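Right, one structure below, let's go through it.
The values are calculated or read from the model by the stated rules, or taken from the named source; none is laboratory data. Nothing here was measured: the structure is a model prediction, and the numbers come from that model. Reconstructed Cβ throughout: ideal geometry from the backbone, glycine too, with neighbour counts over all protein chains shown. We work out accessible area using only protein heavy atoms, side chains counted, and drop any ligands, DNA or RNA first. Shrake-Rupley method; radii C 1.70, N 1.55, O 1.52, S 1.80 Å.
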Amino acid sequence: MAKRQIFYSFHYANDVMRVQQIRNIGMLEDNSPVSPNEWEKIKRSGDREIEKWIDDNMKYRSCVVVLIGTETASRTWVQYEIKKAWVDGKGLLGIYIHNIRDPRTGICRKGANPFAQFELNGKNFADIVPCYDPNPWNAYNDIRNNLEDWIEDAIRIRSIY
């Protein structure tokens with residue numbers, strides 16, 4: 001099977017070190033991480049430029065994986081990415097990353113489900129979009145061993161709606 005092209009959605013400031021570990025799994029083709037300097041430049045250019053960057057980077061992806069840390073659900077751009085993924089018909093799923101060890105800060109508190117704040121035809125997105133909470137004792141390997149299947153399931157689920 002060809003590698004899926006993935007867009008990762010996450011809270012940059014809090015979770016970039018955890019996210020980098022997941023990107024390094026290497027089973028998937030994903031967008032190259034933006035450098036901190038480049039991200040600051042994009043942010044300074046204003047909301048329209050941020051939207052354009054997200055739109056351009058999400059364009060040819062088959063699935064959006066929301067990597068959920070402590071504050072991810074409250075982030076404006078994560079919310080934008082969730083809405084855009086759904087409207088564009090992309091697979092969508094969440095993975096809690098609080099048990100992935102950040103070399104600077106260790107593990108963190110589990111965040112809220114970011115899909116719980118959206119509805120589709122009266123049904124809460126949290127009941128539609130799969131959200132995985134990897135084994136706390138071996139979160140990295142749980143993600144590594146299951147990520148491809150989770151993505152395929154998300155794409156299948158999205159095709160139903």
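Remarks
- Cross-chain or 6+ apart pairs with Cβ under 7 Å, region 105-119 first and at pLDDT below 95, then not aromatic (Phe, Trp, Tyr): ILE107/HIS98; ILE107/ASN99; ILE107/ARG101; CYS108/GLY69; CYS108/THR70; CYS108/HIS98
- Flag for LYS59 being in contact with a strand residue (DSSP E or B) (Cβ under 7 Å, 6 or more places away or on another chain) and not aliphatic (A, V, I, L, M): no
- Failed item, numbered, when VAL129 is tested on (1) over 20 Å from GLU81 (Cβ atoms); (2) open to solvent by less than 50 Å² (accessible area, probe 1.4 Å): (1)
Condition check ((1) modelled with pLDDT under 90; (2) under 15 Å from TYR8 (Cα atoms)) across all residues:
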{"site": "GLY26", "(1), (2)": "yes, yes"}
{"site": "GLU29", "(1), (2)": "yes, yes"}
{"site": "SER32", "(1), (2)": "yes, yes"}
{"site": "ASP47", "(1), (2)": "no, no"}
{"site": "VAL64", "(1), (2)": "no, yes"}
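- ALA116 being aliphatic (A, V, I, L, M), open to solvent by less than 70 Å² (accessible area, probe 1.4 Å), in contact with a Lys or Arg (Cβ under 9 Å, 6 or more places away or on another chain) and in a helix (DSSP H, G or I): no
- Among the residues of region 67-107, those identified as open to solvent by less than 10 Å² (accessible area, probe 1.4 Å) and within 19 Å of ILE160 (Cβ to Cβ) are ILE82, ALA85, GLY91, LEU92, LEU93, GLY94.
- Test for ASP127: is it touching a residue at least 24 places away in the same chain (Cβ under 8 Å), more than 15 Å from ILE25 (Cβ to Cβ) and among the acidic types (Asp, Glu): no
- First in region 138-161 and over 16 Å from TYR96 (Cβ atoms) and of a type outside the set (Ser, Thr, Tyr), second anywhere and open to solvent by 40 Å² or more (accessible area, probe 1.4 Å) and modelled with pLDDT of 95 or more, Cβ under 8 Å, 6 or more apart: ARG158/GLY89
- Odd one out for TRP53 among (1) open to solvent by less than 40 Å² (accessible area, probe 1.4 Å); (2) aromatic (Phe, Trp, Tyr); (3) over 15 Å from the mean Cα position of the chain (by Cα): (1)
- Subset of region 42-101 (residues that are of a type in the set (Asp, Glu) and touching a His at 6+ places or on another chain (Cβ under 6 Å)): GLU71
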